[in-house]
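So the structure is just underneath, and the comments pick up after that.
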Amino acid sequence: MAQIGVWEQAEPGVTRKVFKPGTGLMMMEVHFEEGAEGALHSHPHEQMSYCLKGAIEFYINGETTLVRQGDTIVIPGGAEHGVKALEPSALLDAFTPLRLDLLGPGVPKAEGNEERSE
């Protein structure tokens, strides 16, 4: 599980910071060194990624799309996807519903300090 608000190593050349989530939506910032890859994976959550800087190739269900600074891409829930940074890059990723595989079951709500169990 990720730590909320803390930069951590996700994969070689990839660091991320998961932000405090809302009740059904969460975001994280992900930084990539040139050539770094996010391994192919899937999850049931819908994902939208906004490219903060750089250039990243997204592989989604066997198709390749180049995303550059200022571009967005939507990844449907269940789609197999991965990325490769063509230069130093950063993404802002949003997910719905919450990714409890990253957050864990007792995640603090975005407003207030109450704990929620799901």
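So residue 71 fits all but one of (1) open to solvent by less than 70 Å² (accessible area, probe 1.4 Å); (2) touching a residue at least 24 places away in the same chain (Cβ under 8 Å); (3) over 18 Å from residue 2 (Cβ atoms); (4) in contact with a strand residue (DSSP E or B) (Cβ under 7 Å, 6 or more places away or on another chain); what number is the exception?
Result: residue 71 fails condition (2) only.
Mind counting the residues in the stretch 11-26 that are open to solvent by 50 Å² or more (accessible area, probe 1.4 Å) and more than 19 Å from residue 85 (Cβ to Cβ)?
4
Name the residues in the stretch 15-68 that are outside any strand (DSSP E or B), within 18 Å of residue 103 (Cβ to Cβ) and aliphatic (A, V, I, L, M), would you?
25
Could you give every pair whose Cβ atoms fall below 9 Å, whose first residue belongs to the stretch 79-91 and is open to solvent by 20 Å² or more (accessible area, probe 1.4 Å), and whose second residue is aromatic (Phe, Trp, Tyr) and modelled with pLDDT of 95 or more, counting only separations of at least 6 or pairs across chains?
Hits for this filter: 80/59; 84/32; 84/58; 84/59; 87/32; 88/32.
The values are calculated or read from the model by the stated rules, or taken from the named source; none is laboratory data. As the structure is a prediction and not an experimental result, all values here were calculated from the model. Note that we place each Cβ from the backbone using ideal geometry, even for glycine, and neighbour counts take in every protein chain shown. Each accessible area value is taken on the protein alone, full model and side chains, heavy atoms only, with ligands, DNA and RNA left out. Shrake-Rupley method; radii C 1.70, N 1.55, O 1.52, S 1.80 Å.
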